[in-house]
Amino acid sequence: MHPSGQDRAAALLDPAPLYRCGFWDGLAVGLIAAMGAEAGQGLVYLLLTASPIGGLVPAFIFALFSGAALTVAMWRMQFLEGGTLTARRWAVGLGLGIGVAIGPVIALETAYDQGVAPDSLHTGAFAVLAIWVVLVTFIFMSVPAWIGRWADAWQQRERRVPARGGMIVAATGTWLVLAIGIDLVLAYFTFVEEFTATTKIVLEQTWTFSGHDAARTAGAWVVCLVFIAVPLAGYIAGHRRPAGDVRDTAPKLRVLLERGRPLILICLAGIVMVIAVTLVTAAAARALIAPAIRWNGVYFANFLLFEEQMVILVAVMVALIAAATLTYVLSDTIAIAVAAVVAALGVLVMMGSLTLGNCVAPFSLTYNHAPANDCPGDPGFMVPHIFPAAIEAALIGILLIPAAYYAGILVSRRGGLSARPGLSARALRWLAAGAVAVAVTIGIALRVPDASAHGIQPTGSTGQDGWVHGTGYEIRLFPNWYHLTRNVTPGYTLLANDGTFTGIPGELVISTKAISPKTTVRVKGARLVLLDGERALFIVFPNYKGHYYAEWITVRNGIEYFIIFRTIPSDHTSLAPTLTAMINSWQWNATSS
């Protein structure tokens, strides 16, 4: 019913009730946005041909109204007096998250799906739905809190009145965040819809990498830019000077340098922590996990993924410390940037640590003794992970920074402290939390394989330290080449790259046969190279019958050595660094000298 005249007159005298927003308001906004986008996507797929942006259109349409309503409500709440403002923001966030999570569940299209709880009475369906609601609610809970912080960034003058255009900027940012977020929610909701008892393992594996994959979408970095751009725009707008107002910028420059010093120190501390974590983890894995497991390419690849996640974890902890330590307006925004920078630099440090680990035995997962003139390992494949790691760390920081701030307020109140506890104490708390989290992650990383397999040796002809001993020669292999190593006939060895994780196949065949010492070998188009000081012919066939070939031919002490490397033309660049390192490790043994 429309309010009565008496109620409207009372609102003019006391407008505070108009500015209140709580759990049920957030729930309504979330339900309308999610259900509307779900219904809109169904219409788009019925009326239009398949399009990569077809599903985005309904999300942007419904997020336009929902984002504007949420922004207006949060900005109005800034005028409320009392200490309940922060708690009210989180109540709104709780409703918003639940609404977005259950919106696709109660949408008309899903109502006829008998595989989704509560229509499905399968216990697993209820468990999957509960996990889904908890995760989505957690992701969206901090959005109202951030909108309130955006309002603070725009209200920097003595009179706390929203700056002109500030609400439009904030509403635009909220619109983009909700649209991208709801589109990702609807895209991943298929995991809940397609759940059956037979796909439980697949579902668990998919959810394990869902956040990892979502952080690598184009929308992820757009969200990060929004959370940095909106408060930054408010900060710049609040420092505009009238025309002709000339001020001395030297004091501001000194203040900027003074404020930047602790930030630089925090970033350096994060990088040092990354180095320590990567080296300690490698040393612990070497001590606790059997060589046969460590040398396996699948384990090595999984180990690198865990190392990358630890880098991101350290970056997030450093961001939380920065948010607790810095005291100026943009501390939270800067903390997000700190998370991204530390994660990106951390991946670079991780690459360097891998190279160091391959050269220094206590930190090497693979070798007991590094080759004389070569440190096996090509950490260059981590380069594509630098930017996604930065985005993932920033996104996690966006989720955790306001939550940590609110948790600090609750702890302060329960402990009888002031509303703003000491910065040094807060930094120490975050540092301790980071240390505990890193320790837990290290423990998980070390338990990926079964560490009880001590004493197991690699199959085939591989030695204790990755050496293959053939007729008059030795060659040291990379872990991925241990999987299918075998001697087919005397003088013939097949080394097959394990492409289980990477999907990149490759074969290295070493063939030896006795010939006359006076035999001269000539191959058209070959060039002269050295194989452990011995002259050899090297020739490449870039695409011969659908394969890439590289061949080495040499003669030593009446034995011809014929080495053939074969792979798919598009994959040879990926295997080239490890192949080069293996060929460089070639040495003639004592029996052939």
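The values are calculated or read from the model by the stated rules, or taken from the named source; none is laboratory data. None of these values were measured; they are calculated from a predicted model. Please note: Cβ atoms are built from the backbone with ideal geometry, for glycine as well, and neighbour counts cover all protein chains shown.
Table for the structure above
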item	result
Residue in the stretch 248-268 that is exposed (fewer than 11 other Cβ atoms within 10 Å of the Cβ), among the charged types (D, E, K, R), more than 29 Å from SER210 (Cα to Cα) and modelled with pLDDT under 65 present	yes
Search result, residues across the stretch 129-147 that are β-branched (Val, Ile, Thr), in contact (Cβ under 8 Å) with a residue 60 or more places away in the chain and either crowded, with 24+ Cβ neighbours inside 10 Å or in contact with an Asp or Glu (Cβ under 6 Å, 6 or more places away or on another chain) (or both)	VAL143, ILE147
Any hit, the stretch 528-545, residues being among the hydroxyl-bearing types (Ser, Thr, Tyr), loosely packed, with under 15 Cβ neighbours inside 10 Å and in the same structural domain as TYR473 (by TED's automatic domain parsing)	yes
Per-region count, the stretch 480-496, residues within 19 Å of ALA581 (Cα to Cα), modelled with pLDDT of 60 or more and in contact with a strand residue (DSSP E or B) (Cβ under 7 Å, 6 or more places away or on another chain)	6
Verdict on ALA514 being touching a residue at least 24 places away in the same chain (Cβ under 8 Å) and either out of contact with any Gly (no Cβ under 7 Å at 6 or more places or on another chain) or not assigned by TED's automatic domain parsing to the domain that holds ILE475 (or both)	no
The one condition in (1) more than 30 Å from GLY499 (Cβ to Cβ); (2) assigned to a strand (DSSP E or B) that PRO542 fails to fulfil	(1)
Top-ranked residue of the stretch 308-339 - restricted to ones that are at pLDDT below 80 and assigned to a helix (DSSP H, G or I), ranked as farthest from the chain's Cα centre (by Cα)	THR325
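Every residue, every condition in (1) of a type in the set (Gly, Ala, Ser); (2) in a strand (DSSP E or B), yes or no:
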{"residue": "LEU494", "(1), (2)": "no, yes"}
{"residue": "GLY503", "(1), (2)": "yes, no"}
{"residue": "VAL509", "(1), (2)": "no, yes"}
{"residue": "VAL521", "(1), (2)": "no, no"}
{"residue": "GLY525", "(1), (2)": "yes, no"}
